[in-house]
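The values are calculated or read from the model by the stated rules, or taken from the named source; none is laboratory data. Because the structure is a prediction, the values reported are computed rather than measured. Glycine gets a Cβ as well: all are built from the backbone with ideal geometry, and neighbour counts include every protein chain shown.
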Amino acid sequence: MVENESKIWFKKAEQDFDTAKYNLKGNKIEAAIFFLQQSAEKALKSVYIKKFKNLIKVHDLVLLARKIKAPLKIKEFCRELTPAYQYTRYPDIIPAKNLEEKAVKFVDSVKEILKWTGTNI
């Protein structure tokens, strides 16, 4: 069950990544960033499920990366992506500046996260 569960989460991470890129092309920047954060979160959770045989309900990508002992580079990507969950979701939180630049950068970061997590599930 756990083996299959981790693969289901990873597949959803890949789908969210595709959704993010689609939104970015359509100039829906906040939606793109939200789905990039979600893609990273689900990818990290897929490894967590594989390692610990359960799901952790948290949106803190840095915490997830630490728990699964991700490389430093992945943790750094997570540090930048974590706040995106809030500023793209809630209207009362001031969004980061240069969202379009961030989105383009986050695509590369999430691509790396997916590559690393894909080899660890």
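Structure data summary
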item: Single match in ARG89, ARG79, ARG66 (criterion: more than 22 Å from ALA103 (Cβ to Cβ), surrounded by fewer than 15 Cβ atoms within 10 Å (Cβ to Cβ) and not β-branched (Val, Ile, Thr)); result: ARG66
item: The listed residue being closer than 18 Å to ILE8 by Cα and among the basic types (Lys, Arg), out of LYS75, LYS50; result: LYS50
item: Residue count, segment 39-93 (criterion: polar (S, T, N, Q), part of a loop (DSSP other than H, G, I, E, B) and more than 19 Å from ASN120 (Cβ to Cβ)); result: 2
item: Matching residues, segment 48-58, being surrounded by 15 or more Cβ atoms within 10 Å (Cβ to Cβ) and under 14 Å from the mean Cα position of the chain (by Cα); result: TYR48
item: Count of segment 18-34 residues which are among the hydrophobic types (A, V, I, L, M, F, W, C) and over 14 Å from VAL104 (Cβ atoms); result: 2
item: Long-range neighbours under 8 Å by Cβ, at least six apart or interchain, first residue in contact (Cβ under 8 Å) with a residue 40 or more places away in the chain within segment 50-64, second of a type in the set (Gly, Ala, Ser) and buried (at least 18 other Cβ atoms within 10 Å of the Cβ); result: LYS50/SER6
item: Unique residue being at pLDDT 95 or above, surrounded by 14 or more Cβ atoms within 10 Å (Cβ to Cβ) and at negative phi when the list is LYS42, LYS102; result: LYS42
item: Tally of residues being free of Cβ contacts under 8 Å to residues at least 24 places away in the same chain, closer than 30 Å to LYS53 by Cβ and not polar (S, T, N, Q) across segment 78-121; result: 3
item: Residue match in segment 25-33 (condition: crowded, with 22+ Cβ neighbours inside 10 Å and at pLDDT 95 or above); result: yes
item: Residues within segment 94-121 that are in a loop (DSSP other than H, G, I, E, B), within 17 Å of the chain's Cα centre (by Cα) and of a type in the set (S, T, N, Q), tallied; result: 2
